[in-house]
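For reference, the structure is listed below as structure tokens.
The values are calculated or read from the model by the stated rules, or taken from the named source; none is laboratory data. Small disclaimer: the values here were computed from a predicted structure and weren't measured. Cβ: placed from backbone, ideal geometry, glycine included. Neighbour counts: every protein chain shown.
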Amino acid sequence: MKRFIFVVLATVLAGSARADVSFQRLVNAANEPHNWLTYSGSYRSERYSPLDEINRDNVAGLKVIWAYQMQPSTLTGTGLVETTPLVVDDIMYLTEPASTVTALDARTGKMLWTWSPEMSDEMLNIGFPRVNRGVAVLDDAVFVATVDAHLVSLDAATGAKRWDVVVADNSVGYAMTLAPLALDGTIIVGVSGAEAGVRGFVDAYDSATGERLWRFWTIPAPGEPGSETWRGEAWQTGGGSTWLTGSYDPDLDLLYWTVGNPAPDWNGDVRPGDNLYSCSLIALDPATGELRWYFQYTPHDTHDWDANQIPILFDAEFDGAERQIVALANRNAFYYLLDRGTGEFLHGNEYSKQTWARGLDETGRPIVIPGTDPTEEGNLVWPSLQGATNWFSPSFHPKSRQFFVATRLMGAIYYKAEVEYEPGQPFLGGGEQALSGDEAAGAIRALDAMTGALQWEFELQSPPWAGVMATAGGLVFGGSNEGNVFALDAATGKPLWDFQAGAAVRTNPMAFAVDGRQRIATTAGRTLYVFGLE
């Protein structure tokens, strides 16, 4: 279908929305705490703000500075907002459902321009809502991955389209819901669609031209490393979506990307084996896409516990030696530390209720309790398919070495059913009935990042769909389904401030500063709120 650009320019000085974000600025993002230059705040994905104007002593005085009401989408079935805005030199770039990009004046919320692709109501989005989690900025361009599986480059000053490439075929179930990751002249994206039986991949594109540079298939073909973990033709519909933004270590020059569940989701009989590289963290050479190492969290997953969570990078002493670490709180209810240079398993422990494994062995492989797979009659297992956590971001405080994670406390009855693949149709092999209502809850939990030990928790009335952000002011910001935006004391979990936004919070908070004044931004419903002390 022909795609159109809709651009609205505010009456501002020409070029006032112009960005100039070099790769070196992204590498050194921590030196620009007033900006938020990439999805998770930095390549390390800490979702931590070094700004400290807002702190334990004054956070009770936070108020709304401005709010932006997102525009109605022309598509049916849209409405969920899960975007993390970027802020570059007083300009905010964000996405609106389903794949609109908008630039705002970060001081006032005034719209500078907005761009939308034209997409059909018949667009496939099997297994997920029509959402978009944000953009990437590199040099003077803004990059967006659309729900119908296009990657688009926009002029940061005007919103004018520079190029538009088709990443994958939406008619068979491919889609994109992630914020791209910008590297040196390269834009990295992954795909959604495992619930339609697609074969997942990670792609790299030339930022100037849109030319595809490489593709790494997350489900190996016969003869490729890992193919022995699949039988017959199951690899062709093996799933392994890559629908969440990865992390990057510029010193090791390694790209870290998480991989989703195998397909079909709940009937593992048709795909015996560990099913690599599903439910894994993969480390790739960003220049070639070559696999350097992998770690599989949940071999032969039959509960849809994909590994699409944010990997956080930090350095610390472990067992008497300085280690380069990648940490991840997995959907399967276990917390993991790996050596990010080699993928070696260092540590793992349960951080939320689970009933499917006795623990992890010395290699990090789960010790599965027999009889916990889905059955035709139904089998109650914790956590639910939505996991002990999900796509929303955790946060790491580099000084206190705390790992904060929004935790879901919910079990489910899992069912297995016969399945047959049909392109563009659900390829599930069963289903689940979640234990919702009074049997479900949530919490913000603070873990010792080196041991996974629980330090404190802040209870929530229902399992959350919003992430967290720690700050140098000793605070952790988050949100709830009940519409509360809140700040907690990072040392104790004590609630210090809250704001009733009137709609569910389903995104990750971020921070920036304008004119030297710190701001906190998050969304509730279809409204972006920006908070400050003035």
All but one of (1) out of contact with any His (no Cβ under 8 Å at 6 or more places or on another chain); (2) loosely packed, with under 15 Cβ neighbours inside 10 Å hold for residue 434; state the number of the condition that does not hold. (2)
Per-region count, the stretch 271-320, residues among the aromatic types (Phe, Trp, Tyr) and under 19 Å from residue 331 (Cβ atoms): 5
So how many residues does the stretch 206-237 have that are hydroxyl-bearing (Ser, Thr, Tyr), within 23 Å of the chain's Cα centre (by Cα) and closer than 25 Å to residue 128 by Cα? 1
Residues that are among the polar types (S, T, N, Q) and over 21 Å from residue 363 (Cβ atoms), drawn from the stretch 265-281: 267
Filter the stretch 267-306 down to residues that are under 22 Å from the mean Cα position of the chain (by Cα), within 22 Å of residue 379 (Cα to Cα) and crowded, with 21+ Cβ neighbours inside 10 Å, then give me how many there are. 9
Name the residues in the stretch 115-143 that are surrounded by fewer than 21 Cβ atoms within 10 Å (Cβ to Cβ) and among the polar types (S, T, N, Q), would you? 120
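Considering each residue of the stretch 508-523, count those that are within 19 Å of residue 40 (Cα to Cα) and part of a strand (DSSP E or B), and give that number. Write out each step before concluding.
Here is the first cut: in the stretch 508-523, the ones within 19 Å of residue 40 (Cα to Cα) are 508-513, 518-523.
Filter again for part of a strand (DSSP E or B), leaving 510-513, 518-523.
Residues meeting the conditions: 10.
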Residue in the stretch 427-449 that is nearest to the chain's Cα centre (by Cα), counting only those that are in a loop (DSSP other than H, G, I, E, B) and touching a residue at least 60 places away in the same chain (Cβ under 8 Å): 449
Does residue 401 satisfy the condition of being under 19 Å from the mean Cα position of the chain (by Cα) and either more than 23 Å from residue 304 (Cα to Cα) or in contact (Cβ under 8 Å) with a residue 40 or more places away in the chain (or both)? no
Please pick out the residue among 499, 477, 531 that is at pLDDT 95 or above, aromatic (Phe, Trp, Tyr) and under 21 Å from the mean Cα position of the chain (by Cα). 477
The residue from 472, 443, 501 that alone is surrounded by fewer than 22 Cβ atoms within 10 Å (Cβ to Cβ), within 30 Å of residue 379 (Cα to Cα) and among the hydrophobic types (A, V, I, L, M, F, W, C) is 443
Would you be able to say whether some residue in the stretch 420-427 is buried (at least 21 other Cβ atoms within 10 Å of the Cβ), among the aromatic types (Phe, Trp, Tyr) and in contact with a helix residue (DSSP H, G or I) (Cβ under 8 Å, 6 or more places away or on another chain)? yes
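Within 13 Å of residue 488 (Cα to Cα), of a type outside the set (A, V, I, L, M) and assigned to a loop (DSSP other than H, G, I, E, B): which single residue out of 473, 478, 452 fits that description?
473
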Name the single residue, out of those in the stretch 232-256 being in contact with a Phe, Trp or Tyr (Cβ under 7 Å, 6 or more places away or on another chain) and outside any strand (DSSP E or B), that is surrounded by the fewest Cβ atoms within 10 Å (Cβ to Cβ). 250
In the stretch 357-390, how many residues are within 26 Å of the chain's Cα centre (by Cα) and surrounded by 24 or more Cβ atoms within 10 Å (Cβ to Cβ)? 5
Using the structure shown, decide if residue 60 is surrounded by fewer than 19 Cβ atoms within 10 Å (Cβ to Cβ), free of Cβ contacts under 8 Å to residues at least 60 places away in the same chain, part of a helix (DSSP H, G or I) and not acidic (Asp, Glu). no
Of the conditions (1) surrounded by fewer than 22 Cβ atoms within 10 Å (Cβ to Cβ); (2) under 21 Å from the mean Cα position of the chain (by Cα), residue 160 satisfies every one except a single condition; which number is it? (2)
Flagged in the stretch 283-339 as assigned to a strand (DSSP E or B), closer than 18 Å to residue 353 by Cα and either β-branched (Val, Ile, Thr) or touching a residue at least 60 places away in the same chain (Cβ under 8 Å) (or both), in numbering order, are 328, 329, 335
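Would you be able to tell me the number of residues in the stretch 204-258 that are polar (S, T, N, Q) and within 22 Å of residue 136 (Cα to Cα)?
Start the filter on the stretch 204-258 by keeping residues that are polar (S, T, N, Q), which leaves 207, 209, 218, 227, 229, 236-237, 241-242, 245, 247, 258.
Still in the running and within 22 Å of residue 136 (Cα to Cα): 207, 209, 241-242, 245, 247, 258.
Here the count works out to 7.
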